[in-house]
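Q: I'd like to ask some things about the structure below.
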Amino acid sequence: MVKAKTAAPAGALSMGTVFAFASASIPIQALVLAISVHLPRYFASHIGLELAMVGAAFAMVRLIDIPIDVGLGMAMDRTRSRFGRYRLWLALGAPVMMLGLWFVLQAGPSTSQLGLSGILLFLYIGYSMVYLSHLAWGGVLGPTYAQRNRVFGAVIGLGVVGSVAVLLIPVVMQYLGATDGEGVRAMVWFIILALPVTVVTVLASTREPITRDHKAHFGFRDYLTLLKHGNVVRLLVADLCATLGPGWMATLYLFYFNDSRGFDTAQANLLLMIYIAAGFAGAPFMAWLGNRIGKHRSLMVGTTVYSIGLMVVPFLPAGNFLAFAPGMFIVGAMAAGFLVMIRALTGDIADEMRLAHGREYMGLMYALTIGTSKIASGLSALTFVLLAAIGYQARAGAVNTPEAIRALELVYIVGPIVFVMAAGASFIGYKLTPERHAAIRRELDERDAIYAEAPALGSLTGDDMLVEPRRP
């Protein structure tokens with residue numbers, strides 16, 4: 001029997017390595033928050049585009065982009081290059097995302113729905129390339145149950161830096177006398193500048209373990225087995241609901257806190273900053289809790305506490321910053337926490353699928369969860385259409401009726417509670433425990449040991465370099 005050469009199982013990851021890798025989440029999460037909270041309002045209130053048109057454009061592009069994500073995930077998993085697998089896609093995606101952000105800055109009052117949709121689609125493709133490759137790389141960087149919690153705890157935690165930055169920028173700009181629109185444009189420039197710095201940091205400092213495929217022929221039909229797997233289905237449902245709840249709130253956040261809770265934009269952004277900054281505590285806490293009680297149970301704890309906290313919001317005194325701050329911190333910590341758990345659970349389930357089918361699914365699994373996140377974002381954007389239908393006026397300076405404000409309050413609170421609780425409930429009966437995952441990793445490592453590396457790495461995509469193991 002020929003002794004195979006394989007990558008050694010991953011050892012302990014230093015904190016320096018983990019944080020260097022996680023740094024790319026700073027511009028990624030900055031863009032996520034900007035898209036969720038500020039860009040829709042920027043296009044509607046400051047550029048002057050019709051509210052329903054903005055909502056429809058965001059919803060349409062997010063849905064169109066989903067099959068693109070799936071294709072990107074499949075291509076990433078099949079990539080072979082001397083530069084790496086997910087590393088290559090991260091390097092390619094950064095300039096595409098930067099150019100898409102620049103296009104956002106070129107939008108004006110004469111931009112059509114088709115033009116806005118084109119800008120958003122280009123931006124989303126670049127964002128998907130960067131975000132998906134970073135997540136998939138993180139999944140293979142820390143392959144054990146505990147390491148994944150550590151890696152994604154750092155990824156979500158450092159993502160808070162980007163989110164807080166884009167919240168501070170408009171506050172500082174307003175203090176300097178700039179308009180809200182100028183503050184949003186400053187956010188975009190921050191993301192454009194931060195992206196190449198962090199991506200280069202990741203590329204220069206972090207290794208990429210390349211897993212071996214154990215099946216020489218693999219067709220599109222084989223990928224459909226993912227959607228028949230119970231754990232994959234529960235993961236996608238959880239990700240859809242866990243994204244839809246906070247995303248629903250984020251889309252309406254400034255409208256709700258301005259018109260219902262009596263805060264000006266600067267105060268609302270400071271409260272949102274507390275919500276986001278709480279991820280510094282929530283991400284590592286939930287990673288720690290996940291290693292103690294299991295990731296799925298930790299997710300259930302986070303979604304329950306989040307929902308209870310949200311129920312309290314309507315009963316707090318309007319305009320009272322000190323009354324809102326503690327609740328925003330708790331809810332924000334839990335939101336970051338259950339995002340850590342879902343990202344870590346995705347890697348565990350991808351391992352389970354690789355053991356069962358002999359093929360790397362990491363990129364495709366994260367593509368599917370990004371897809372469900374975009375479906376959720378698209379559905380949350382439709383709240384604009386709903387508000388327009390009930391007579392809510394979004395333009396700056398508009399005066400809304402009490403009935404419109406009450407409808408806004410109802411839409412803002414009820415939906416997120418239902419969705420987030422459904423996310424936690426989807427993992428009832430989950431059996432991929434830490435012990436079971438450890439057994440899966442042992443079997444994968446043992447099986448990997450009998451497969452030799454391909455003699456050459458000359459193809460960018462495809463299966464031409466896959467080799468069958470030599471048998472004794």
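The values are calculated or read from the model by the stated rules, or taken from the named source; none is laboratory data. None of these values were measured; they are calculated from a predicted model. Positions of Cβ are generated from backbone atoms using ideal geometry, with glycine treated the same way; all protein chains shown enter the neighbour counts. These accessible areas exclude ligands, DNA and RNA; they are computed on the full protein's heavy atoms, side chains included. Shrake-Rupley method; radii C 1.70, N 1.55, O 1.52, S 1.80 Å.
Q: Treating only the Cβ of Lys, Arg, Asp and Glu as charged (+1, +1, -1, -1), what charge dipole size does the stretch 47-201 show about its Cα centre? Round to the nearest 20 debye.
A: Once rounded to the nearest 20, the dipole reads 760 debye.
Q: Ok, one more. Please give the helix 51-78 orientation as an angle from the longest Cα principal axis of the chain, in degrees from 0 to 90, rounded to the nearest 10.
A: 10
Q: Right, next: Estimate the FRET efficiency between residue 171 and residue 292 by the formula 1/(1 + (r/R0)^6), using the beta-carbon distance for r and 35 Å for R0, to the nearest 0.05.
A: 0.40
Q: OK, next. Place +1 on the Cβ of every Lys and Arg and -1 on the Cβ of every Asp and Glu in the chain, take the dipole about the Cα centre, and give the residue among 318, 416, 42 whose Cα lies farthest towards its positive end.
A: Of the listed residues, the answer is 416.
Q: Ignoring any ligand, DNA or RNA, what whole percent of the accessible area of the chain comes from carbon and sulfur when the probe is 1.4 angstrom?
A: Carbon and sulfur atoms account for 68 percent of the accessible area of the chain.
Q: Could you give the length gained by full extension between residue 433 and residue 186, i.e. 0.36 nm per residue of separation minus their alpha carbon distance, to one decimal place?
A: Value of the extension gain: 84.4 nm.
Q: Could I ask something else about it? Calculate the dipole size of the chain relative to its Cα centre from +1 charges on Lys and Arg beta carbons and -1 charges on Asp and Glu beta carbons; express the result in debye to the nearest 20.
A: Approximately 1120 debye in magnitude.
Q: Now for a different question. Quick one: accessible area per residue over the stretch 194-323, 1.4 Å probe, rounded to a whole number of Å²?
A: Heavy-atom SASA per residue in the stretch 194-323 reads 41 Å².
Q: Please check which bits of the stretch 397-439 a label hung off residue 356 would reach, taking the label as a point 7 Å along Cα-to-C-beta and the cut-off as backbone N under 13 Å.
A: Hits in the stretch 397-439 for residue 356 at 13 Å: 431-432.
Q: Add -39500 (n - 2.57) for each DSSP H run of 4 or more in the chain, then divide by its residues: what number comes out at 222 nm, to the nearest 500 deg cm²/dmol?
A: Using -39500 (n - 2.57) per qualifying helix, the result is -24500 deg cm²/dmol.
Q: Determine which residues of the stretch 241-272 fall in the zone a paramagnetic label at residue 390 would reach in this model, i.e. backbone nitrogen under 12 Å from the point 7 Å along Cα→Cβ.
A: Zone members listed by number: 256.
Q: Mind pulling up the Rg/Rh value for the chain? Radius of gyration and Kirkwood radius, both on Cα.
A: 0.98
Q: What order, most packed first, do the peptides 351-363, 165-177 have when packing is the mean number of other Cβ atoms within 10 Å of each residue?
A: Per-residue Cβ counts within 10 Å, averaged per peptide and sorted highest first, yield 351-363, 165-177.
Q: Against the longest principal axis of the chain, how steep is helix 295-312, in degrees 0 to 90 to the nearest 10, with axes from Cα atoms?
A: Long axis of 295-312 versus the principal axis of the chain: about 0 degrees.
Q: Say each of residue 205 and residue 102 gets a label point 7 Å from the Cα, pointing the same way as Cα to Cβ; how far apart are those two points in nm?
A: Taking the simple label geometry, residue 205 and residue 102 are separated by 2.7 nm.
Q: Give the ranking of 330, 342 by solvent-accessible surface, highest area first, calculated with a 1.4 Å probe.
A: Solvent-accessible surface, decreasing: 330, 342.
Q: Say the dipole of the chain comes from +1 at the beta carbon of Lys and Arg and -1 at that of Asp and Glu; which of 105, 155, 192 then lies farthest toward its positive end?
A: 155
Q: Take the Cβ-Cβ distance between residue 265 and residue 449 as r, set R0 to 56 Å, and report the resulting FRET efficiency rounded to the nearest 0.05.
A: The value I calculate is 0.45.
Q: Which angle between 0 and 90 degrees, to the nearest 10, do you get for helix 402-425 versus the longest principal axis of the chain when only C-alpha atoms count?
A: 20
Q: Relative to the compact-globule scaling 2.2 N^0.38 Å, provide the ratio for the alpha-carbon radius of gyration of the stretch 173-326.
A: The reported ratio for this selection is 1.42.
Q: Sticking with this structure for a sec: Give the peptides 304-316, 230-242, 19-31 in descending order of average Cβ contacts within 10 Å, highest first.
A: Sorting 304-316, 230-242, 19-31 by mean packing, highest first, produces 19-31, 230-242, 304-316.
Q: How big is the accessible area of residue 89 in square angstrom, nearest 10, if you roll a 1.4 angstrom probe over the protein chains?
A: 40
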